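These notes concern the structure reproduced below.
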Amino acid sequence: MLLITREMPPEVLARAQAEHEVRELRLQGRFEPRHILDNIAGVNAILCIPADKFDAALINALPDAVKVIGTFSVGLEHIDLDAAAARGIKICHTPDVLTTATAELSLTLMLMAARRAGEGERILRAGQWPGLAPTFHLGRGVSGKTLGILGMGRIGRALAQMARGLNMQVHYRNRTRLAPELEQGAIYHEDDASFLAALDFLSINAPGGKETFHWLNAARIALLKPGAIIVNTGRGTTIDDDALIAALRTGHIAAAGLDVFANEPEIPPGYLALENAVLLPHIGSATIEARNAMGFLALDGIKAALA
Ligand code: 8YV
């Protein structure tokens, strides 16, 4: 039996039901281990999402019958991979198929933040638009500017390609330098200081986890040019929110566009009070195309693991 923690796109659910006996939990909001453990009888495969934390304690409490955990995500931070390996539980995830959707959302956030789009819409909807004027609601241009990408994996590279269409110069930080055919002219930096000092825009496209925890802290924010814009579609844990909120308040960071937060669905209240913060509810992969493809890929992985 396949235990599915959240509501799936209809076509994904239909395929899951054609291939497995399915137990749907349709959980909403905060995840608790008991959601799994109370419903685990007869289950040999689980389909979860990043909000469902499979830490070592939960993995160790799973019955032996559980052979695979598929996650409806490219990110794997919510699963203790070592604990799963020790139990012989296979893990599968959904890379590639959400690359374009997530890169598109990084670009959306860059444009929204630079052109103050959310703030403009709020003014209009509140009936507070004074009318057209040459000085009204000036933002910053994106074309021709310098974009720094933290994490030049599949999504970072797809964003770089889109940014080249806007005539942006792309710089990047990554664990390792890419081969020239993947770099496509993007400029690699070996250190954070030279990287950050070069940028008009910083896009975080790196995975979460310990390696990137609070990477964007007060010290690194200080290395960015005054007026820089930051967007994040990776993981909220990569940003020290107190430091970013402080920099958005002073204007050292002109604007930020955030789709991910450390403690979702909670949003640090400091952001909510800031007009120069564009805040989206973790919709990086939320296109019909990507979400169907993610579901199908996860089901492929689960089927292969059970075979
Ligand atoms: C989730 C994500 O998959 O893929 C990831 O790592 O963060 C998201 O796109 C999505 O929220 C649905 O589970």
How long is the gain from residue 219 to residue 249 if the chain were fully straight, where each residue apart is worth 0.36 nm and the alpha carbon distance is subtracted? 9.2 nm
Can you compute 3J(HN,Hα) from phi for each residue in region 255-271, using the Karplus curve 6.51 cos²θ - 1.76 cosθ + 1.60 with θ = phi - 60°, rounded to whole Hz and x for Gly and Pro? 6, 9, x, 10, 10, 9, 9, 4, 10, 4, x, 6, 10, x, x, x, 5
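Taking the highest mean first, how do the peptides 255-261, 179-185 order by number of other beta carbon atoms within 10 angstrom per residue? If you can, show how the numbers build up before the last one.
Values: 255-261: 24.6, 179-185: 10.6.
Packing order, densest peptide first, comes out as 255-261, 179-185.
With charges only on Cβ, +1 for K and R and -1 for D and E, what is the dipole size of the chain about its Cα centre, in debye, rounded to 20?
Around 520 debye, computed over the chain.
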Identify, among 277, 205, 170, the residue whose Cα sits farthest towards the positive end of the charge dipole of the chain, taking +1 on the Cβ of Lys and Arg and -1 on the Cβ of Asp and Glu, with the dipole about the Cα centre. 170
Could you tell me, in Å, what Rg and Dmax come out for the Cα atoms of region 99-279? 15.9, 52
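Among the helices of the chain (complete DSSP H runs), which have Cα atoms covering no less than 15 Å along the helix axis and a Kyte-Doolittle mean of at least -1.0?
Working: long enough: 99-115 (24 Å, 0.86); 154-165 (17 Å, -0.18); 288-306 (27 Å, 0.76).
Span-like helices in the chain: 99-115, 154-165, 288-306.
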Span from the region 84-115 Cα centroid across to the region 4-68 one, whole angstrom: 20 Å
Ranked list, fewest to most other Cβ atoms within 10 Å of each Cβ, for 248, 274: 274, 248
Amide H partners (placed H, <5 Å) of residue 253, local residues excluded: 227, 248
If I model a spin label as a point 7 Å beyond the Cα along the Cα-Cβ vector, how far apart are those points for residue 242 and residue 53 in nm? 2.0 nm
As straight-line cross-link partners of residue 67, the qualifying lysines (C-alpha separation under 29 Å, not fewer than 8 residues apart within one chain) are 53, 90, 210, 303
Which FRET efficiency value, to the nearest 0.05, is calculated for residue 273 and residue 307 with the Förster distance at 35 angstrom and r the Cβ-Cβ distance? 0.10
Rounded to the nearest 0.05, what FRET efficiency is calculated for residue 300 and residue 34 with R0 set to 30 Å and r the Cβ-Cβ distance? 0.50
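Which value, in debye to the nearest 20, describes the size of the charge dipole of region 34-179 about its Cα centre when Lys and Arg Cβ atoms bear +1, Asp and Glu Cβ atoms bear -1, and nothing else is charged?
Values: 17 positive and 11 negative charges, 151 e Å.
Dipole of region 34-179, to the nearest 20 debye: 720 debye.
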Give or take rounding to whole Å, what are the principal axis extents of the alpha carbon atoms in the chain, in descending order? 65, 49, 32
Percent of C-alpha pairs per 10 Å bin, region 66-136, short to long: 16, 26, 18, 16, 14, 7, 2
Histogram of C-alpha separations across region 73-112, 10 Å bin width, %: 25, 34, 24, 13, 3
Give the long-range amide H neighbours of residue 202: residues separated by 5 or more places, or on another chain, with amide H under 5 Å away, using H modelled in the peptide plane at 1.01 Å from N. 148, 229, 230, 231
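Starting from the exponent 0.38 and prefactor 2.2 Å, build the expected Rg for region 8-56 from its residue count and divide its actual Cα Rg by it.
That works out to 1.19 for region 8-56.
Taking 0.36 nm per residue of sequence separation and subtracting the Cα-Cα distance, how much length would be gained by fully extending the chain between residue 121 and residue 143, in nm to one decimal? Intermediate results must be reported in sequence, preceding the final value.
Values: separation 22, 0.36 × 22 = 7.92 nm, distance 2.22 nm.
Taking 0.36 nm per residue and subtracting the Cα distance, the gain is 5.7 nm.
Here, each number is a calculation from the coordinates, and none is a lab measurement. Keep in mind that this is a model prediction, so the values were computed, not measured. For neighbour counting, all protein chains shown are included, and Cβ atoms are generated from backbone atoms with ideal geometry for every residue, glycine included.
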